[in-house]
Every structure is written in C-alpha cells, then in structure tokens.
Amino acid sequence: MYGTLFFFAWPLLLISYGGPQFILDHINPRDGTRKPDWRSLLPQTRLQILALALLSLGILAVYLQVMMPMNLGADSYCYHEPIAESYVAAGGIRRFNEGWYAGAYPQLASFLYAWAYQAPGTLFDHILLCMHVEFVLFVATLLGASVFAARLLRRDRLPYAAAAVFLFPKLFIYDSNLNGGADHTLAFFCTALAIAMLRLGRRFKAEEAVFAGLMAGAAIMTKYQAVSAFVPAALLVLFLIIRTRRLTPALVWGSTALACSSPHWLKNWIYYHDPLYPFLHNYLHSTPFHKGAATLLSNVFWVQSFMVSGSTTHKLVTTLEALATFSFLPNDWGFHGKWPEFGSLFTLLLPALLVLRATRRIWITIIGIHLGIAIWYLISHQDRYLQCLVPSMAAVTAAGLALAWARGLLARVSVALLVGVQIIWSTDAYFIPAHAMLGESPIRSLTSYLSAGYRREYEPRYHFGASAEDFGKRLPKGAKILLHLYNTHLGLGAEFTNDAAGWQGGIEYLETDSPKNTANLLRSYGVTHIAWASNQTGMAPSEVAREIVFTRMIHEYIHKDEPVNNWKLGVMNDKARQDASAQSRTKIAWLTCDASPALGIYTPQGLSEGHAERILSSALSNSELARELTAANAVVMRATCSTAVRAQDYVNTAFAKEQRASEFDLWIRTSWSDAKN
C-alpha cells in the first residue's frame with residue numbers, strides 16, 4: 001500500500017475516526033460540560049502578554065529555519081530520511097541485508113517521514129513536508145510543556161508557560177535544532193509520557209497505565225535515548241507498586257510499553273535475530289555479524305569523546321558533577337566553539353525552589369530529570385540527546401518562575417533579572433554560523449535562499465548539494481545501489497547497501513578478499529549498481545587493504561562506468577573480465593617508505609594486522625623487485641619512494657592504476673603472463 005494512495009487515505013482515515021468525537025467535544029459538549037470559550041486563550045495580564053510575545057517569537061524563529069529544506073542535519077542525510085525513502089522505494093518496511101546498524105535503530109520518526117515520501121512530487125517536496133511534520137510535533141510539544149507545567153502546580157492552566165522552552169537557546173543551534181532528525185519527535189513523546197506519569201501517580205489504575213505505557217512504548221520506538229525518560233518512569237511505577245501494593249497497573253504499563261515498541265524490537269528479532277541488533281551479539285546469534293564486527297563496533301561505532309571512561313568511582317563522581325554543570329559546559333562537536341548555549345535557568349532555579357514551597361510533583365519531576373541527565377551523561381552526552389528532557393525542564397522552570405512571581409515585588413524583580421540575563425546572554429545564539437551542513441547560520445542561508453528568485457537562480461533552489469540525488473536520477477526502477485564508503489543516501493529514491501566498516505555487520509572485505517567472493521556477497525544482498533570515488537582520503541593501512549579488495553572487484557565486475565560529479569557509477573555484471581583473476585585471492589605488494597608496515601607481500605588481513613607473508617628488502621634491484629612482484633595481484637605505492645620508483649617500469653606493464661587512497665596509488669594486475677598462482 002506504500003504510495004500515493006496511502007499518502008491521502010491514511011490521514012483521511014484518521015480524520016474520519018477522530019473527527020466526530022472532536023466535533024462533539026468542542027462544538028456540542030456532552031455530559032453537562034461547558035462549551036469551550038476560546039476568548040480565555042487571550043492574555044489577561046502584562047506578564048502573559050510578555051510570555052505570549054516570547055512564545056510567538058520563538059515559534060517564528062524555529063519556523064524560519066524549518067521553511068528551508070537545506071536545514072537538514074547530517075544524520076537526516078545519512079539515515080533518518082533515507083530510511084523512509086528506501087522503504088517507499090521497496091514498497092514497505094524492509095530488512096537491510098548487510099546489517100546496516102542505523103537501519104536497525106528505533107525509527108518511529110522515519111515511519112512518519114515515510115508517509116511524506118509517498119506524496120506526489122520531488123525530493124524537495126518530500127523533505128519540506130518532513131520538516132513540517134517535525135514542526136507540527138514541536139508545536140504539540142509546546143502545548144504539552146504548558147499542560148505539564150500547570151499540572152506540576154496542580155492548576156488547570158498556566159497560560160503561555162511553553163515560552164520557557166525558548167529560554168533553552170540550544171534549540172536554535174545545530175544540531176539540537178529542528179533539522180529533519182528524530183530528537184524532537186522523541187521530545188514530543190517524552191512530554192506526553194511525563195503528563196501520563198502524573199496521571200498514573202494520581203490514579204494508579206489500569207486505564208491510566210495503558211495511556212502511560214503507550215507513550216513509553218512510542219518513546220522507545222523513536223530513539224534509544226528514550227532510556228533517559230523511560231528509566232525514571234519505570235522507577236516511579238516501582239514506587240507506586242510499593243505505595244499502593246497493587247501489581248496489576250504496573251503489569252499493564254509494562255506490557256503495553258512492550259507491545260507498543262514491538263515494531264522495533266520484534267522487527268529486529270525477525271530480521272537480525274537480535275531485538276537490539278547489534279548490541280546483544282555477545283548473547284545472541286546476531287546476523288549478519290562477521291567475526292571481526294565486534295572489534296569494529298567498539299572502535300568505530302561509539303564516539304569515545306561523549307562517553308565516560310575510567311574506574312567506576314571516577315564515572316560516578318564525574319556523572320554527579322555533570323548534574324550541576326551540564327548546562328554550563330558545551331557537550332558537542334564544537335560547532336559553536338567553547339561557549340555553553342544549552343540554557344541554565346532550570347539549574348539556577350533549583351535553590352530557589354527550596355524556599356518557594358514547590359509541590360511534591362515538582363520535586364519528583366526534578367529527581368526524574370536528574371536521573372535522566374545522569375543516564376544521558378553515561379551513555380552519550382551530546383547536548384542534542386537532551387532535547388527529550390528540555391520540555392520537562394522548561395515546565396519545571398515555568399512552574400518555578402510562577403511560584404516566585406507570586407511571592408511579591410522583590411521576587412518579581414529577581415525573576416525578571418534572571419530571565420533577562422538568560423535572554424541577553426543567548427540572543428546571538430540564533431545567528432551563530434554553526435550549521436555543519438550549511439557552513440553558516442540557517443537564518444543567513446534563508447535570506448540567500450529566498451533571494452535566489454530575484455537572481456534568477458531558479459533551479460539551484462531545489463537541489464541538495466549534500467544529497468545523493470544525482471545518483472538517483474541515473475538509477476532504473478528496482479535498482480539497489482552500493483554507495484562505497486559514502487553515508488549520505490538521501491535522494492537516491494531507491495534501496496541501498498552500506499559497506500562502511502564498523503557501521504554494518506555483513507560486509508568485511510578483509511574476509512571476502514577475492515573479486516568473485518566479494519561480488520557474490522554483494523549480489524546476495526541484492527546490489528545491482530555500485531558508485532565509488534576514485535580518490536579516498538585519510539585511510540589507514542587496514543582501510544587501504546579493504547580498498548584494494550573492493551577495487552579488484554570493481555575492476556572485474558564493472559565493465560563500464562559513467563562519471564557522476566567526482567564519482568563513478570557502474571552496473572554489476574554477472575561475468576568477470578578474467579575468471580582466473582576473479583577467483584584469485586588478493587596479494588598486496590606494499591611499496592611505501594613508511595616504517596610500518598614494512599615493505600612486503602601481504603594478504604588483506606595481514607596488511608590490516610601488520611603481518612607480511614614475505615618481507616622485501618629496500619635494497620632489491622629493479623629485476624629482483626620485478627621478480628618479487630609476480631606474487632602480487634595488487635600494488636600499493638607512494639610515487640616518491642625509491643622502491644616504488646625502481647618498480648615503476650614493471651608495474652606499468654603488468655598493472656593498471658585504478659584508485660588513490662590517501663597518498664597511496666592503488667594498482668591492479670591486468671597482465672597474468674608472468675604472475676605466480
């Protein structure tokens with residue numbers, strides 16, 4: 001059903017389901033309830049006018065970023081939206097045969113984006129619609145933050161309390177802003193979960209447990225970072241069991257969350273034999289998961305700079321310190337330098353709440369937020385991963401400011417100064433040129449984008465330079481492409497395969513080191529087309545070894561290619577150029593002047609580990625060197641090295657230069673007259 005029909009039918013079905021009840025509740029209320037008075041939404045006091053002004057300006061500032069599709073973040077180019085686009089191309093949710101780890105993440109946001117990609121139109125239209133889906137969820141999150149703040153004070157309403165969300169300026173800065181990712185989708189469900197848990201704490205009954213369980217399951221379905229909200233919620237349920245001595249609501253909550261999150265873990269269990277693929281590979285038979293995948297996963301997948309290392313005591317002390325300092329120190333990739341831009345009013349108000357007679361609900365929420373911060377800091381403390389807790393922080397902040405405002409003139413002056421300092425400190429955040437994909441601030445890019453029509457630059461406005469759209473235009477329907485060592489899949493409009501070491505568990509070129517074995521593996525994953533760059537940079541010897549294996553396969557099974565920008569695109573052939581060459585295992589002559597690894601003949605695995613099959617002397621003559629190279633079917637040379645210079649004549653006659661990796665030239669054997677088996 002994935003397609004244009006579903007795009008229109010699904011929202012119509014939802015409207016037909018919820019519409020009649022909406023009309024009854026808001027146009028003709030039943031059960032003696034009063035018809036809503038929309039005039040009550042208007043501001044009644046000067047403070048409410050100021051809050052409404054901040055709220056309106058904040059929403060406008062966010063929307064100005066959203067209205068430009070080029071505002072997409074790096075992860076949105078890599079997997080959030082490409083997953084959706086791939087599902088639509090496949091006609092439904094599919095398995096990533098190579099075991100691409102990002103394709104096994106929780107992906108509720110991608111499911112929502114998949115609806116947008118079924119709309120008629122181009123990539124531009126689809127991305128713009130995805131950005132607006134995220135924006136609508138953000139506005140709903142603001143409503144939730146306002147409701148949550150009122151409930152913390154046991155009130156029906158706390159008008160415009162959601163303005164406190166914009167006192168956390170990180171919201172405007174890449175990559176915590178709305179950029180087509182999943183962080184703000186998670187924030188929507190975490191806010192709903194917080195409200196649901198308040199209801200559950202007040203009425204520990206099965207019907208409330210179902211609602212809270214649904215929100216918990218939806219959060220888990222969106223991102224693993226939901227653990228920062230799920231664990232505090234689970235501990236609250238445990239507390240309620242002890243307090244009420246009732247187990248049934250807790251079982252209902254847990255089973256509902258488990259069932260609601262099953263599209264994530266059950267899908268992975270069926271596809272990869274691991275509900276949290278690949279993270280349970282030590283305990284389950286995760287597949288695909290080659291024998292070296294665990295080492296690559298630990299070395300490549302995890303970002304060590306955002307993890308706490310050291311002894312248990314050191315981790316505990318560091319995490320406790322972070323509870324007080326997380327908002328005063330930048331925890332990011334350095335896009336905006338060393339300036340902290342998260343927003344600190346939540347932390348600064350905590351001492352004041354001790355004398356403001358904060359409700360028990362507020363203190364329980366504060367404890368839960370700090371537990372979530374501790375979990376965040378331990379697992380991966382990037383600032384953007386805290387966006388799921390920001391609406392709750394803002395609700396506590398709004399509640400605290402409301403309590404202080406009610407204490408008299410001195411308290412009001414103090415509150416005004418505190419909020420004023422925060423606003424003045426963060427006013428420039430919106431204009432910081434920190435967007436990694438744009439190279440400047442989104443608002444500046446927007447002005448250039450909107451003026452493109454005046455400059456008659458019509459077509460460039462619809463092109464995404466960082467996308468893979470140029471490849472997608474050349475692919476036939478039903479194609480499946482391997483973008484070699486390229487993580488940007490957005491714009492293909494087709495299924496794709498990822499071969500980046502450490503980011504998938506099925507492809508390890510060190511193990512399938514003959515062209516035939518490599519081609520057979522890729523074909524088994526459904527690959528029909530391959531795109532690759534003729535110049536790779538920043539490669540270590542182990543990566544050069546993988547590149548040699550890949551290049552030999554390309555040489556044998558891609559008979560014709562076409563240039564696409566600085567890349568090449570070719571069709572996988574069933575027949576190799578030379579059967580003997582395709583079946584021969586890769587032997588690499590390493591002719592460089594580095595001390596490590598030494599000059600010699602290596603297998604791909606040996607080159608990765610630094611173990612040569614045969615060490616070569618740098619003093620070999622030209623003829624002796626040529627005789628040694630008959631054992632190799634690939635040569636890695638640095639042109640300036642003396643050994644490479646002496647071997648050049650023989651290499652020119654028996655090999656062809658196919659690739660360049662860092663400062664190395666990669667040569668593949670084309671003549672087999674004097675080659676050793």
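The values are calculated or read from the model by the stated rules, or taken from the named source; none is laboratory data. Everything numeric in this text was worked out from a predicted model, so none of it was measured. As a convention, Cβ positions derive from the backbone with ideal geometry for all residues, glycine included, and neighbour counts pool all protein chains shown.
Screening the candidates ARG461, ARG455, ARG444, ARG412 for the property of being surrounded by fewer than 18 Cβ atoms within 10 Å (Cβ to Cβ) and either touching a Gly at 6+ places or on another chain (Cβ under 6 Å) or assigned to a loop (DSSP other than H, G, I, E, B) (or both) yields one hit, ARG455. Total residues in the stretch 209-247 satisfying the condition of being more than 19 Å from LEU386 (Cβ to Cβ) and among the aromatic types (Phe, Trp, Tyr): the figure is 2.
If you go through the stretch 379-397 one residue at a time, do you hit one that is in a helix (DSSP H, G or I) and over 30 Å from ALA218 (Cβ atoms)? So far as the stretch 379-397 goes, no, none of its residues is in a helix (DSSP H, G or I) and over 30 Å from ALA218 (Cβ atoms). Among the residues examined, GLY343 qualifies as in the same structural domain as ALA74 (by TED's automatic domain parsing), of a type outside the set (A, V, I, L, M, F, W, C) and on the phi > 0 side of the Ramachandran plot. Of the residues making up the stretch 88-139, those that are small (Gly, Ala, Ser) and part of a loop (DSSP other than H, G, I, E, B) are GLY91, GLY92, GLY99, ALA119, GLY121.
Residue-level analysis places ASP470 among those that are closer than 30 Å to ARG552 by Cβ and not aliphatic (A, V, I, L, M). Where helices (runs of 4 or more DSSP H) fall wholly inside the stretch 493-599, the ranges with 1 or more residues that are more than 28 Å from ALA626 (Cβ to Cβ) are 515-524, 541-557.
One residue alone among GLY491, GLY506, GLY526, GLY538 is closer than 23 Å to ARG577 by Cα, under 27 Å from the mean Cα position of the chain (by Cα) and touching a residue at least 12 places away in the same chain (Cβ under 8 Å), and that residue is GLY526. Among the residues of the stretch 311-322, is any under 27 Å from the mean Cα position of the chain (by Cα), closer than 25 Å to LEU403 by Cβ and modelled with pLDDT under 95? Within the stretch 311-322, none of the residues are under 27 Å from the mean Cα position of the chain (by Cα), closer than 25 Å to LEU403 by Cβ and modelled with pLDDT under 95.
Residue-by-condition table, conditions (1) loosely packed, with under 13 Cβ neighbours inside 10 Å; (2) farther than 27 Å from THR512 by Cα:
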residue: LYS587; (1), (2): no, no
residue: THR592; (1), (2): no, no
residue: THR630; (1), (2): no, no
residue: MET637; (1), (2): no, no
residue: THR640; (1), (2): yes, yes
residue: ALA644; (1), (2): no, yes
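As for the stretch 513-529, it holds no residue that is surrounded by fewer than 20 Cβ atoms within 10 Å (Cβ to Cβ), under 27 Å from TRP302 (Cα atoms), in the same structural domain as ASP561 (by TED's automatic domain parsing) and among the polar types (S, T, N, Q).
Being out of contact with any Leu (no Cβ under 8 Å at 6 or more places or on another chain) and either surrounded by fewer than 20 Cβ atoms within 10 Å (Cβ to Cβ) or farther than 28 Å from ARG95 by Cβ (or both) is the filter here, so list the residues in the stretch 247-262 that pass it. Passing the criteria: LEU247, THR248, LEU251, VAL252, GLY254, SER255, LEU258, ALA259, SER262. Remark: pairs (first residue in the stretch 442-455, among the hydroxyl-bearing types (Ser, Thr, Tyr); second residue crowded, with 17+ Cβ neighbours inside 10 Å; Cβ separation under 6 Å; 6+ apart in sequence or on different chains) = SER445/LEU438; TYR449/MET68.
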